[in-house]
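> Could you have a look at this structure, given as structure tokens, before my questions?
The values are calculated or read from the model by the stated rules, or taken from the named source; none is laboratory data. Predicted model only: the values in this text are computed from it and were never measured. Because the Cβ atoms are built from the backbone with ideal geometry, glycine has one as well, and the counts that use them run over all protein chains shown. Heads up: the accessible areas ignore ligands, DNA and RNA and are worked out on the full protein's heavy atoms, side chains in. Shrake-Rupley method; radii C 1.70, N 1.55, O 1.52, S 1.80 Å.
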Amino acid sequence: WRGFDRCVVAIQVGLALLLVTSAGLLMTTLRHLSDSVGGSNPQTLMAIQIDSRGTPHSDTAMQALIPTMQARFAALPGVQSVAESYVVPLIYGGLPTGYLDLPGLEDRPEAEVEVATFAVGLGYFETLGIELIAGRDFNASDSRGAQKAAVISENVARQFFPGKSPLGEMIGFRGSARDMQVIGVVADAKQTDLRQPAPRTVYTLSGQSRAWGDRVVWAVRTTVGRATLVPAVR
């Protein structure tokens, strides 16, 4: 029996070590996953959505509300930065995709590679913690009526502009004009699934490219616990 007891203890110790090791691996995986959303720290990020569907408020009223609400959110104690968009990464299921169009692409295999398109507001990359690799971010000079601007992800730059800088290039999507000038390159960011590669993404500026219609989402970077901000946000 003494030998049997020792055997049972050995098995128990072995199982405990296996569980501890598995827990360590799981924590490491979760940490890597949480760090892969464009380099952001999700513990200090929150999303706010206003949806007017099913209410008497018109799309026009929503558009008028956006700058007012953004200013009010930005003024709350503990808010570091705010940016509006149509979606916030990993909260919604997907992004619109299309086929990129640029000179000479029709004769290359990349012509059939789909690229996500994502309209964002000023300060989006800073708020999400997505690093600017080259060029510049959107700014107030990129107004409606000015030259349309685009910021592309690093994997778009690698695949579609190998061995050259994409800055200044004119791009579009198949079936529309090549009327967007590449002004910047940002780090790849997971948008819909942490376990899938970051999608090739072309970012446009919401003020130039579209109106949000009946829904708008703000990404808010905080310096305090999110729970303390929720009552003020509501």
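> If the viscosity is 0.890 mPa s and the temperature 25 °C, what Stokes-Einstein diffusion coefficient in µm²/s follows for region 107-234 when Rh is the Kirkwood radius over Cα pairs?
D, rounded to a whole number, is 153 µm²/s.
> Going from most exposed to least, what order do ARG174, ARG215, ARG234, ARG144 have by accessible area with a 1.4 Å probe?
Values: ARG174 125, ARG215 30, ARG234 225, ARG144 160 Å².
Greatest to least solvent exposure: ARG234, ARG144, ARG174, ARG215.
> Under 8 Å for C-alpha pairs, at least 6 residues apart: give me the relative contact order for region 153-234, rounded to a whole percent. Don't jump to the answer; show the numbers that get you there.
Details: 57 pairs, mean separation 20.4, N = 82.
The value is 25 percent.
> Tell me which of GLY98, GLY129, LEU76 sits at the most positive position along the dipole axis of region 44-139, charges placed on C-beta atoms (Lys, Arg +1; Asp, Glu -1).
Selected residue: LEU76.
> If the convex hull of the alpha-carbon atoms of region 66-150 is projected onto planes in all directions, what is the mean projected area in square nanometres?
Numbers: hull surface 31.7 nm².
Over every viewing direction, the Cα hull of region 66-150 projects on average to 7.9 nm².
> If you place +1 on the Cβ of every Lys and Arg and -1 on the Cβ of every Asp and Glu, how big does the dipole about the Cα centre of region 131-217 come out, in debye to the nearest 20?
Dipole of region 131-217, to the nearest 20 debye: 220 debye.
> While we're here: Quote the accessible area belonging to THR68 in square angstrom, nearest 10, computed with a 1.4 Å probe and with ligands, DNA and RNA left uncounted.
70
> Something else now. When the dipole is taken about the Cα centre of region 39-190, and only Lys, Arg (+1) and Asp, Glu (-1) are charged at their Cβ, what size is it in debye, to the nearest 20?
Numbers: 11 positive and 17 negative charges, 62 e Å.
That gives region 39-190 a dipole magnitude of about 300 debye.
> What is region 75-168's relative contact order, in percent, from Cα pairs under 8 angstrom and six or more apart in sequence? Don't jump to the answer; show the numbers that get you there.
Details: 67 pairs, mean separation 24.7, N = 94.
Dividing the mean separation by the residue count of region 75-168 yields 26 percent.
> State the answer as a single residue: which of ALA177, ALA198, VAL220 lies farthest towards the positive end of the charge dipole of region 84-234, with beta carbon charges of +1 for Lys and Arg and -1 for Asp and Glu, about the Cα centre.
The one lying farthest along the dipole's positive direction is VAL220.
> Using a probe of 1.4 angstrom, how much of the accessible area of region 95-221 is carbon and sulfur, in percent? Mind showing how you got there, number by number?
Values: 2740 of 5540 Å².
Here it works out to 49 percent.
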